[in-house]
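Read the structure below first, then the notes.
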Amino acid sequence: MAGQSPENTPAQTPAPRHDADAGRFILTVDGTDAVLDYHRDGNVMVITHTGVPSEIGGRGIAGQLVEAAFQHASQHKWKVRPECSYAAGWTKRHPAYLSLVE
């Protein structure tokens, strides 16, 4: 918006990046990477790890990574197996995604 300085503009978290070759979603915040790792088992995305370093924790970053993974799986008509404890708990708190869970 015109007239606003960067100090008056709310900080925006970028969207997670998908590295399909590595089986990873990455979200860089303040120069630090948070990651979600997965592998494919046929048409199932198996989420194996979600990691957010403590220096950028407490901002909902892990949830953004899991949501990005679920949206990607949905777009490709895959099911999701959340083996990571964070992803499994996130799924229970977001029933809109339960239809994707294997």
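The values are calculated or read from the model by the stated rules, or taken from the named source; none is laboratory data. In this text, all values refer to a predicted model and were calculated from it rather than measured experimentally. Glycine also receives a Cβ, built like all others from the backbone with ideal geometry; neighbour counts cover every protein chain displayed. Heavy atoms of the whole protein, side chains included, go into the accessibility calculation; ligands, DNA and RNA do not. Shrake-Rupley method; radii C 1.70, N 1.55, O 1.52, S 1.80 Å.
Details
- Relative to the longest principal axis of the Cα atoms of the chain, the long axis of helix 61-75 lies at roughly 50 degrees.
- Only helices enter this figure: runs of n ≥ 4 DSSP H residues, each worth -39500 (n - 2.57), summed and divided by the residues of the chain, yield -7500 deg cm²/dmol at 222 nm to the nearest 500.
- Available extension along the chain between Arg17 and Arg93 is 25.0 nm, counting 0.36 nm per residue and deducting the alpha carbon span.
- The mean accessible area for residues of the chain, using a 1.4 Å probe and ignoring ligands and nucleic acids, is 60 Å² per residue.
- In the list (1) 22.8; (2) 14.4; (3) 16.6, the label attached to Kirkwood radius over Cα pairs in Å as derived from the coordinates here is (2).
- Percent carbon-and-sulfur accessible area, the chain, ignoring ligands, DNA and RNA, probe 1.4 Å: 49 percent
- Charge tally in the Cβ shell below 13 Å around Thr32, where Lys, Arg are +1 and Asp, Glu are -1, Thr32 excluded: -2
- Taking Lys and Arg as +1 and Asp and Glu as -1, the other residues whose beta-carbon sits under 12 Å from that of Ile61 total -3.
- Among Ile61, Pro95, Ala34 - extreme Cα towards positive end, dipole of the chain, charges at beta-carbon: Pro95
- Percentage relative contact order, the chain, counting C-alpha pairs under 8 Å, at least six apart: 21 percent
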